[in-house]
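All remarks here apply to the structure that follows.
The values are calculated or read from the model by the stated rules, or taken from the named source; none is laboratory data. Here the structure is a predicted model, which is why all the values come from computation and not from measurement. Virtual Cβ from ideal backbone geometry, glycine too; neighbours counted across all protein chains shown. In case anyone asks, the SASA skips ligands and DNA or RNA and just uses the protein heavy atoms, side chains included. Shrake-Rupley method; radii C 1.70, N 1.55, O 1.52, S 1.80 Å.
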Amino acid sequence: MTINLEHVLQKKFKFNAFKPGQKEVIEQLLQNQDTLAVLPTGTGKSLCYQFVGQLLAGTVIIVSPLLSLMEDQVIQLQKKGESSVIALNSSLSFSEKQYVLHHLSDYKYILISPETLAQQEVRKKMATLKIALFVVDEAHCVSQWGVDFRPEYTKLAKIQVECGNPLTLALTATATPAVKQEIVKQVFTHKKAISEVIFSVNRPNIGLIVNQCTEKKEALISYLIQLKSKGIIYCATRKTAEKINRLIKEETSLKSAFYHGGLTANERSLLQQQFVANQLDVLCATNAFGMGIDKPDVRFVIHYDCPDSLENYVQEIGRAGRDGQASVAILLYQKGDESVHYYFQSESRLDRALLNELTSYQIDDREMLLPGLNEIQQKWLQGYLEKEYTLDELEQRLLRKEKERQQQLTVMLDYIKQAKCR
Ligand code: ADP
Ligand code: MG
């Protein structure tokens, strides 16, 4: 029997038409094909598993890296009349969690954090379910080198096997060839063949401006005054984010705040809420701000500093105009801006020296070094500790990464050079 997918979409999900990529992904899954889907932010990637879940018997497991993303999904599903949905994560109390685990097979959709999924008692329960579809959302989090890296994502292959190697869907908006390779390796470890659905990241409602200027601060303030709307200003460092926030407060009457990894989780979550609720006009942020922010009416994204790669640039400007309304992405470039990235790259050389030093530590003591390291160093050390690869292998990785980063920066700078000054 062939199913009229459009009919299901209209009846159950109340949408008139599929967005680009959705139908292709759904069709692959209905043919029992494991699928990697790379679709731009805001495409409605979640609909793919919501939809397939409606048509297949069994549970849909969705591994999701952020509590806010899980909550958003629970609400989306409940709005569609789906009541058997649960988010299983650290926000549950002990007794709530025990209740959920006891009734796990009653749920159709289970949103779960990778950390919770890695727990033994949870894994045991998962292994008893009939799983229709295993979804890895924000699958780029498996990438050791990305800003979003989550060590627990590297355990997924093992857990999939325990769950009987179910039909698998990996979703992301970011897919450099290297990241794609890592997803295939870690999420589709035990699959023979996978389907890939990859759609261009072109977002026609976002106007792109590259402004090569000599006075970035003045240019920024004049844009902000003209724009009169809400948006994000991306900076390369925490220090710059704070500095630009001060500047905006001094020069304009806009409500502004800064956001970076140096703030506590509570502070960050409060800022997010304020930004989404329009209590802030602008957020001066490092790339720590972004994933999981569901604010459809961000009207502009300004890059005060040159991004380190075209991929990150595309990901970051994708936070503008998710509602489809006209939006703008402005990149301010002043000669020499890239030097901050060369500085980060040279930092990776420092790290290698540091990692060499670590050979003389016992495994347990190495953990103790974590708090003293910067974010990038922590991520590397964590990856190293989790995977327990040798220092030689790590050295190779670092070298490769360094080269990759240089190439990515070159591509970004070429883009800036070619863009017309407007
Ligand atoms: P992504 O994960 O790709 O960034 P989401 O799954 O969070 O995107 O969906 C973004 C928004 O798009 C949601 O509000 C969702 O309801 C909406 N959406 C999904 N599919 C469609 C569709 N076919 N037509 C219109 N809106 C859709
Ligand atoms: Mg999503």
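Within the stretch 36-58, identify whether any single residue is under 16 Å from Leu169 (Cβ atoms) and of a type in the set (D, E, K, R), and answer yes or no.
Step one: of the stretch 36-58, the residues under 16 Å from Leu169 (Cβ atoms) are 36-39, 43-56, 58.
Imposing the further condition that a residue be of a type in the set (D, E, K, R) reduces the set to 45.
The answer is yes, given that some residue of the stretch 36-58 is under 16 Å from Leu169 (Cβ atoms) and of a type in the set (D, E, K, R).
Before we move on, is Thr2 open to solvent by 60 Å² or more (accessible area, probe 1.4 Å), among the hydroxyl-bearing types (Ser, Thr, Tyr) and either more than 15 Å from ligand 2 (Cβ to nearest atom) or modelled with pLDDT under 90 (or both)? If you could, list the steps in order and put the result at the bottom.
Values: open to solvent by 60 Å² or more (accessible area, probe 1.4 Å): yes; among the hydroxyl-bearing types (Ser, Thr, Tyr): yes; either more than 15 Å from ligand 2 (Cβ to nearest atom) or modelled with pLDDT under 90 (or both): yes.
Yes: the conditions hold for Thr2.
Scan the stretch 394-413 residue by residue and report those that are modelled with pLDDT under 75 and in contact with a Lys or Arg (Cβ under 9 Å, 6 or more places away or on another chain).
Leu394, Glu395, Leu398 - these are the residues of the stretch 394-413 that are modelled with pLDDT under 75 and in contact with a Lys or Arg (Cβ under 9 Å, 6 or more places away or on another chain).
Kindly evaluate Val142 against the criterion of being modelled with pLDDT under 95, within 16 Å of Lys191 (Cβ to Cβ) and touching a helix residue (DSSP H, G or I) at 6+ places or on another chain (Cβ under 8 Å).
yes
Listed here are the residues, each with its yes/no results for (1) in a loop (DSSP other than H, G, I, E, B); (2) buried (at least 19 other Cβ atoms within 10 Å of the Cβ); (3) without any contact (Cβ under 8 Å) to a residue 40 or more places away in the chain.
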{"site": "Glu182", "(1), (2), (3)": "no, yes, no"}
{"site": "Gln186", "(1), (2), (3)": "no, yes, no"}
{"site": "Ala193", "(1), (2), (3)": "yes, no, no"}
{"site": "Arg203", "(1), (2), (3)": "yes, yes, no"}
{"site": "Ile209", "(1), (2), (3)": "no, no, no"}
{"site": "Lys217", "(1), (2), (3)": "no, no, yes"}
{"site": "Ile225", "(1), (2), (3)": "no, no, yes"}
{"site": "Ser229", "(1), (2), (3)": "yes, no, no"}
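Within the stretch 231-276, can you find the residues that are farther than 28 Å from Phe344 by Cβ, open to solvent by less than 70 Å² (accessible area, probe 1.4 Å) and touching a strand residue (DSSP E or B) at 6+ places or on another chain (Cβ under 8 Å)?
Correct list: Leu254, Gln274.
Give the residues of the stretch 224-258 that are under 21 Å from Ser309 (Cβ atoms), under 22 Å from the mean Cα position of the chain (by Cα) and at pLDDT 95 or above, sorted by residue number.
Ile232, Ile233, Tyr234, Cys235, Ala241
Quick one: Ile61 ticks every box in (1) open to solvent by less than 10 Å² (accessible area, probe 1.4 Å); (2) within 10 Å of ligand 2 (Cβ to nearest atom) bar one, so which box is it?
Status for Ile61: all satisfied but (2).
Can you pull out the residues in the stretch 108-151 that are assigned to a strand (DSSP E or B) and β-branched (Val, Ile, Thr)?
If the condition is that a residue be assigned to a strand (DSSP E or B) and β-branched (Val, Ile, Thr), then Ile110, Ile112, Ile131, Val135, Val136 are the ones that fit.
I'm told Asn165 meets every condition in (1) over 19 Å from Val25 (Cβ atoms); (2) assigned to a helix (DSSP H, G or I) except one. Can you identify the failing condition by its number?
Going through (1) over 19 Å from Val25 (Cβ atoms); (2) assigned to a helix (DSSP H, G or I) one by one, Asn165 breaks only (2).
Where residues in the stretch 118-138 are at pLDDT 95 or above and within 16 Å of ligand 1 (Cβ to nearest atom), which of them is nearest to Pro65 (Cα to Cα)?
Asp137
Conditions (1) within 11 Å of ligand 1 (Cβ to nearest atom); (2) free of Cβ contacts under 8 Å to residues at least 60 places away in the same chain; (3) open to solvent by 10 Å² or more (accessible area, probe 1.4 Å), marked per residue:
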{"position": "Gln10", "(1), (2), (3)": "yes, yes, yes"}
{"position": "Phe15", "(1), (2), (3)": "yes, yes, yes"}
{"position": "Gln31", "(1), (2), (3)": "no, yes, yes"}
{"position": "Pro40", "(1), (2), (3)": "yes, no, yes"}
{"position": "Leu47", "(1), (2), (3)": "yes, yes, no"}
{"position": "Ala57", "(1), (2), (3)": "no, no, yes"}
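Just the residues that are assigned to a loop (DSSP other than H, G, I, E, B) and surrounded by 18 or more Cβ atoms within 10 Å (Cβ to Cβ), please, taken from the stretch 277-291. Spell out how you get there, then give the answer.
Start the filter on the stretch 277-291 by keeping residues that are assigned to a loop (DSSP other than H, G, I, E, B), which leaves 277-281, 286-291.
Residues satisfying the conditions are Leu280, Asp281, Thr286, Asn287, Phe289, Gly290, Met291.
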